[in-house]
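Asker: First the structure, then my questions, so here it is.
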2 protein chains.
Amino acid sequence: MELKAMNNLMTKFSNRKNQLYGEKEEGKKVFGLFCSFVPIELVLASNSIPVGLCGGKNDTIAIAEEDLPRNICPLVKSSYGFKKAKSCPYFEAADVVIGETTCDAKKKMFELLENLVNTHVMQLPHFKDEKSLNLWISEVEELKELIEKESGNTITEEALKEAVDKVNKMRKLFYKIYDLRANHPSPIKGSDTLKLFQFAYLLDINDTIEVLEELIPELEDRVNNKEGYTGKRILITGCPMVAGNTKIVDLIEECNGIVVGEESCTGTRQFENLVEGYTVKDLAERYFKIPCAVAYKNEERIKRIKELVKELNVDGVVYYTLQYCHTFNVEGAKIEKELKEENIPIIRIETDYSESDKEQLKTRLEAFIEMI
Amino acid sequence: MELKAMNNLMTKFSNRKNQLYGEKEEGKKVFGLFCSFVPIELVLASNSIPVGLCGGKNDTIAIAEEDLPRNICPLVKSSYGFKKAKSCPYFEAADVVIGETTCDAKKKMFELLENLVNTHVMQLPHFKDEKSLNLWISEVEELKELIEKESGNTITEEALKEAVDKVNKMRKLFYKIYDLRANHPSPIKGSDTLKLFQFAYLLDINDTIEVLEELIPELEDRVNNKEGYTGKRILITGCPMVAGNTKIVDLIEECNGIVVGEESCTGTRQFENLVEGYTVKDLAERYFKIPCAVAYKNEERIKRIKELVKELNVDGVVYYTLQYCHTFNVEGAKIEKELKEENIPIIRIETDYSESDKEQLKTRLEAFIEMI
């Protein structure tokens, strides 16, 4: 059962490196991004290229551990290792890297990273209150100035409007895909949607939109024909799974599970909430809403998880934590308690990028999926 | 070789619980504090009692791990465990607990703690810039309002002035003790100064001042008589060692080392920088200067470590990290590099509250102290 759009996605991904370096040679600046908190609209509006950075592979962890502690999250180590090893084409293309103070490990890693690449760090506040929003708005304003300076291009109102509309368009397409996944059977596998989310960070946004627009009618056809995947319906929630890391989704789908939703920065946190206006403040407000566990009293997230369980007809929740990610790990205890109170099955998984725990995880996931 | 002031300290510590509960019965409110970032002047000026909370013992970690992940810092787990087990008299006395968003684990732990005790969390910004200072000033202003509300007492200008002068007086006494420790031999052991710092969080400030005023002439006598401790002179830098945790200082002093300084929240970060004025803003500015590793680009700390190495005639630096404390751990890599470039010997130790690694640590510390 093949989806043409997924083949197109893979082709576009294969071509991305050449495309990116081609545009760079023509004079476009490349801004490397770590996190879904950075408003890519500003980069696009400066006629520059936003691109996600590698950080999903075990291979680059050893070189990172020369500088970083062993017991911090694999995503942070892998990212730093990719830059140190010069083995990520996007990292190597990046003229500037935009970081943000999400978690302790990333915040402090940037202090080392800036020795290897031009790095700008945004201050993401801890709180979700008005004062913090104002601080965040000023951080986004500063980012705009930085992007203008580094790209040499002024961000005009018109260009920003165009960028906002384009990124919103992509978001709406992802919303549509979520609507389609609510069906029984689900018209697409989680391992495919994960690739969509992962590559959306890497590809030219026009290409992502093209793939999504091709995919939606294919999925609609499947829904109309009641074709698709019928395993136990799983919502994944937790840490991002960046390109290279498909471990848990693969395991779930090997065990008669079908991932129908991702409450994740490779998932809902990537596309939910449109930018509602065309000012920098509108932009800042949309990104500030992202319900990441790094926030103190991140109440929106648990609310959203419960909604997704209903909307997507979920049978069970897999709570996914990257090892040593304190914020998602502690928040997991709270969420587990709340879901259990509503009789929503949940399993908490903490893992890294290695293969060593795969068999053990498979056994646990099999038992969980069988039970629900 | 006994110091009378240290006996007095131990007596005061033994009496503290009765004293505290006596004052509480008379109607004073108790504010429990976790961290050196909370301006105790405001608590004192409201005629209430500031008291540090327990968090230095292994005993309470198992009960904490019922709710918290295993792999977060022992200080955070131990603190939470003390409250859950109701085994810390200061925690039990506290009408309100004041937390702050220092690190990921603590920030998220407070979300669970507030189910057990009335908890107010201050937002400590990630950055050291003007915008962040302004946010911090408003957090301190809010704290003032909260303390007034919870204590039922207005914080008058006069009371605040008195509190500022009193806490500054204590700080100046600690500065004086540091001056005395610069001597060869050092007139006091590190295990004793650690107790001073630990108990300063717990005792009535008048009692701490009394002990310090008694201690200083005793130390001056020793300096004049060239009495004291002559081992290799060690500066400890890193995570706080709260009451109950004396593991590393004890090990160093068992291995012919003598701790002459602590760049720590149980050390210099506790007393350095006076409050220079009598407004809430002056208060906020002093606390904002604390060079804790949680800050992005915490440049002041490495500068201060290098100064302390000179001022205290240090032979070697022990960099102390509590397990899974990402900020101090990553900053350690940077500091190690910088100290080595200046030929200052440094050893990095990462440990928890258990006894299991004691022999191994002793072997490493012995080798380090012998080598320097």
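Asker: I'd like to verify a number: residues in segment B:181-191 that are in a helix (DSSP H, G or I) and buried (at least 20 other Cβ atoms within 10 Å of the Cβ), how many?
Answerer: Of the residues in that region, 2 qualify.
Asker: Could you run through segment A:330-346 and say how many residues are away from chain B (no Cβ under 12 Å) and surrounded by 19 or more Cβ atoms within 10 Å (Cβ to Cβ)?
Answerer: 3
Asker: Please enumerate the residues belonging to segment A:73-87 that are of a type outside the set (Lys, Arg) and surrounded by fewer than 24 Cβ atoms within 10 Å (Cβ to Cβ).
Answerer: A:ALA85, A:SER87
Asker: Test A:ILE234 against the criterion of being within 24 Å of A:ILE335 (Cα to Cα) and part of a strand (DSSP E or B), and give yes or no.
Answerer: yes
Asker: Turning to a different aspect of this structure: Within segment A:1-33, restricting attention to residues that are touching a helix residue (DSSP H, G or I) at 6+ places or on another chain (Cβ under 7 Å) and part of a loop (DSSP other than H, G, I, E, B), which residue is nearest to A:ILE98 (Cα to Cα)?
Answerer: A:LYS29
Asker: Please go through segment A:41-100 and give me each residue that is of a type in the set (S, T, N, Q), closer than 29 Å to A:GLU145 by Cβ and touching a Phe, Trp or Tyr at 6+ places or on another chain (Cβ under 9 Å), ordered by number.
Answerer: Within segment A:41-100, A:SER46, A:SER48, A:SER79 meet the criteria.
Yes/no per residue for (1) surrounded by 18 or more Cβ atoms within 10 Å (Cβ to Cβ); (2) of a type in the set (D, E, K, R); (3) in contact (Cβ under 8 Å) with a residue 60 or more places away in the chain:
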{"position": "B:GLU253", "(1), (2), (3)": "yes, yes, yes"}
{"position": "B:GLY257", "(1), (2), (3)": "yes, no, yes"}
{"position": "B:VAL260", "(1), (2), (3)": "yes, no, yes"}
{"position": "B:GLN270", "(1), (2), (3)": "yes, no, yes"}
{"position": "B:GLU276", "(1), (2), (3)": "no, yes, no"}
{"position": "B:LEU283", "(1), (2), (3)": "yes, no, yes"}
{"position": "B:PHE288", "(1), (2), (3)": "yes, no, yes"}
{"position": "B:LYS297", "(1), (2), (3)": "no, yes, yes"}
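Asker: In segment A:301-329, how many are free of Cβ contacts under 8 Å to residues at least 24 places away in the same chain and either within 12 Å of chain B (Cβ to nearest Cβ) or touching a Lys or Arg at 6+ places or on another chain (Cβ under 9 Å) (or both)?
Answerer: 1
Matching residues to (1) in contact with a Leu (Cβ under 8 Å, 6 or more places away or on another chain); (2) at pLDDT below 95; (3) under 30 Å from A:VAL259 (Cα atoms):
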residue	(1), (2), (3)
A:LYS106	no, no, yes
A:LEU116	no, no, no
A:LEU124	no, no, no
A:GLU141	no, no, no
A:PHE174	yes, no, yes
A:ALA200	no, no, yes
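Asker: Just to be sure I understand, how many residues within segment B:309-321 are more than 20 Å from B:GLU370 (Cα to Cα) and surrounded by 22 or more Cβ atoms within 10 Å (Cβ to Cβ)?
Answerer: Here the count works out to 1.
Asker: Out of all the residues in segment A:115-124, which are within 13 Å of chain B (Cβ to nearest Cβ) and touching a residue at least 60 places away in the same chain (Cβ under 8 Å)?
Answerer: Result: A:MET122, A:LEU124.
Asker: Applying the selection to segment B:347-371, what residues are surrounded by 16 or more Cβ atoms within 10 Å (Cβ to Cβ) and either modelled with pLDDT under 95 or in contact with a Phe, Trp or Tyr (Cβ under 9 Å, 6 or more places away or on another chain) (or both)?
Answerer: B:ILE347, B:ARG348, B:ILE349, B:GLU350, B:THR351, B:ASP352
Asker: Further question: Looking only at residues that are surrounded by 20 or more Cβ atoms within 10 Å (Cβ to Cβ) and acidic (Asp, Glu) in segment A:92-109, which one is farthest from A:HIS326 (Cα to Cα)?
Answerer: Residue satisfying both the conditions and the ranking: A:GLU100.
Asker: Separate question: Check off (1) free of Cβ contacts under 8 Å to residues at least 60 places away in the same chain; (2) more than 9 Å from every other protein chain (Cβ to nearest Cβ); (3) surrounded by fewer than 22 Cβ atoms within 10 Å (Cβ to Cβ) for A:LEU112 and give me the number that stays unchecked.
Answerer: Result: A:LEU112 fails condition (2) only.
Asker: Going by what's in this entry, would B:VAL249 be described as touching a Gly at 6+ places or on another chain (Cβ under 7 Å), crowded, with 23+ Cβ neighbours inside 10 Å, assigned to a helix (DSSP H, G or I) and of a type outside the set (Phe, Trp, Tyr)?
Answerer: For B:VAL249, the condition - touching a Gly at 6+ places or on another chain (Cβ under 7 Å), crowded, with 23+ Cβ neighbours inside 10 Å, assigned to a helix (DSSP H, G or I) and of a type outside the set (Phe, Trp, Tyr) - is met.
Asker: Now a separate question. Go through (1) away from chain B (no Cβ under 14 Å); (2) surrounded by 23 or more Cβ atoms within 10 Å (Cβ to Cβ); (3) of a type outside the set (Gly, Ala, Ser); (4) closer than 30 Å to A:LYS289 by Cβ for A:LYS29 and report which single condition fails.
Answerer: A:LYS29 satisfies every listed condition except (2).
Asker: Kindly indicate whether A:LEU160 is among the hydrophobic types (A, V, I, L, M, F, W, C) and touching a residue at least 24 places away in the same chain (Cβ under 8 Å).
Answerer: Yes, satisfied.
Asker: Please work out which one of (1) surrounded by fewer than 17 Cβ atoms within 10 Å (Cβ to Cβ); (2) within 14 Å of another protein chain (Cβ to nearest Cβ) is the condition A:THR154 fails and give its number.
Answerer: (2)
Asker: Can you tell me which condition A:LYS303 does not meet? The list is (1) crowded, with 18+ Cβ neighbours inside 10 Å; (2) modelled with pLDDT of 95 or more; (3) basic (Lys, Arg), and all the others hold.
Answerer: That leaves (1) as the condition not met.
Asker: Any idea how many residues of segment A:246-301 are among the β-branched types (Val, Ile, Thr) and closer than 23 Å to B:ALA105 by Cα?
Answerer: Here the count works out to 2.
Asker: Output the residues belonging to segment B:128-150 that are surrounded by fewer than 20 Cβ atoms within 10 Å (Cβ to Cβ) and either within 9 Å of chain A (Cβ to nearest Cβ) or without any contact (Cβ under 8 Å) to a residue 40 or more places away in the chain (or both).
Answerer: B:ASP129, B:GLU130, B:LYS131, B:ASN134, B:SER138, B:GLU142, B:GLU145, B:LYS149
The values are calculated or read from the model by the stated rules, or taken from the named source; none is laboratory data. Everything numeric here is computed off the predicted structure, so don't read it as measured data. Neighbour counts are summed over all protein chains in view; Cβ atoms, including those assigned to glycine, are modelled from backbone coordinates with ideal geometry.
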